[in-house]
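A short worksheet on the structure shown next.
We did not get these values from a lab; they are worked out from the coordinates using the rules stated. Here the structure is a predicted model, which is why all the values come from computation and not from measurement. When we count neighbours, we look across all protein chains shown, and the Cβ atoms used for this are built from the backbone with ideal geometry, even at glycine.
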């Protein structure tokens with residue numbers, strides 16, 4: 001079940017990578033990066049469910065914290081830069 005969900009997560013992963021590469025503004029790229037972090041956390045949790053190894057959950061939680069701090073830093077950067085225009 002979890003392996004099938006990991007395959008399903010490849011679709012939003014691909015779409016998010018495209019948005020990150022093509023994004024017309026810095027804000028679009030930062031939102032895509034935040035989405036990639038969320039997808040990586042979901043993949044870590046699903047991998048933990050599939051394998052039963054708790055280490056994957058620890059990595060996913062660490063990545064979630066890192067993603068939150070990164071999002072806050074990037075928001076401050078956009079505010080300082082002035083609106084997120086590229």
Put in order of increasing Cβ neighbours within 10 Å, starting from the fewest, 43, 20 give 20, 43
Cα-based Rg then Dmax for the chain, in Å, read 14.8, 46
Tilt, helix 55-81 to longest principal axis of the chain (alpha-carbon atoms), in degrees rounded to tens, equals 10
Asserting the computed 222 nm helical MRE of the chain (DSSP H runs at least 4 long, -39500 (n - 2.57) per run, divided by residue count, to nearest 500) equals -29000 deg cm²/dmol
To the nearest 0.05, the calculated FRET efficiency linking residue 77 and residue 10 through their beta-carbon distance, R0 being 25 Å, is 0.25
Ranked from fewest to most other Cβ atoms within 10 Å of their own Cβ, 71, 16 fall in the order 71, 16
Nearest 10, in degrees from 0 to 90: the angle of helix 10-22 to the longest Cα principal axis of the chain is 20
So for R0 = 35 Å, FRET eff. of residue 26-residue 49 from the Cβ-Cβ r, to 0.05, ends up at 0.50
